[in-house]
1. Given the options Arg109, Arg120, Arg30, which has the most mean-square fluctuation in a GNM of the chain, springs set between C-alpha atoms less than 10 angstrom apart?
2. Which listed residue (Ala142, His33, Thr16) has the Cα farthest towards the positive end of the charge dipole for the chain, taking +1 on Lys and Arg C-beta and -1 on Asp and Glu C-beta about the Cα centre?
3. Of Asp28, Asp160, Asp105, which is the most mobile in a GNM of the chain whose springs link Cα atoms less than 10 angstrom apart?
4. Considering only His94, Gln167, Pro71, whose Cα is most displaced toward the positive end of the charge dipole of the chain, charges sitting on Cβ of Lys, Arg (+1) and Asp, Glu (-1)?
5. Antiparallel as a % of all DSSP beta bridges within segment 2-185, to the nearest 5?
6. Using the Cα centre as the reference, give the magnitude of the dipole from point charges on the C-beta atoms of segment 2-185 (Lys, Arg: +1; Asp, Glu: -1; all else neutral), rounded to the nearest 20 debye.
7. Mind telling me which of Leu55, Leu79, Leu67 comes out most flexible in a GNM of the chain, alpha-carbon contacts under 10 Å?
8. Over what distance in Å are the Cα centres of segment 56-116 and segment 129-192 separated?
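Since every read-out is calculated from the coordinates, none of them should be taken as a lab result. Please read all numbers here as calculations on a predicted model, not as lab measurements. Cβ atoms come from the backbone with ideal geometry, glycine included; neighbour counts cover every protein chain shown.
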Amino acid sequence: MAHRLDEAMHSPPFLTGQLLLAMPGIGDPRFEHAVIAICSHDEGGALGIGVGSHLPDIRLHALMRQLDIDPGQAPDAPLHQGGPVEPHRGFVLHSDDWGGEGSIDVAGRWRLTSTLDILRALAEGRGPSRWLAALGYAGWAAGQLDEEMARHGWFAVPGDTALIFDQDVARRWSAGYAAAGVDTRMLSAVSGHA
């Protein structure tokens, strides 16, 4: 019993189902004001989908047409900048009222699907009730996210689906901090030393 307690006290917390908010001064312009929905995090690494900004040059209908899918009833939604890894690979983060081939449940909060069947379901008007589409993802090797969390990089907040699906994309970052009781005007881009 003592061994398990000792293990739990020294093992890193896994962040699956939480949101990462970039700290000011993160040091990578690709992640300035980033909001990342962590879909998988374990001892082997982490994968998250950026939900804090839209891609400027492509929307859902154009992507669907590139994939030879008639957009049908799908709204011409903006695509999110999911992350710098595999920027041409598509993902749909969605509510748990739809599941298809390859859908992954994320801590009972949302699902992640990267197969074409979800785009076809959206086109046919039978997809999930709440969703967003993204290109690319953010990925971390084993221990990398844990190290970044220990440095001045990321702030984790509960994976509130209202923040993901209901909040305007331009306000997700500040709204995530506000929900945690943090006033972003008080954050500094420089960390201090004691």
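1. Arg30
2. Result: His33.
3. Taking springs between Cα atoms under 10 Å, the residue moving most is Asp28.
4. Farthest along the dipole direction, towards plus: Gln167.
5. That works out to approximately 95 percent antiparallel.
6. Computed charge dipole of segment 2-185: roughly 380 debye.
7. Looking only at Leu55, Leu79, Leu67, the largest GNM fluctuation is found for Leu67.
8. What the calculation gives is 20 Å, centre to centre.
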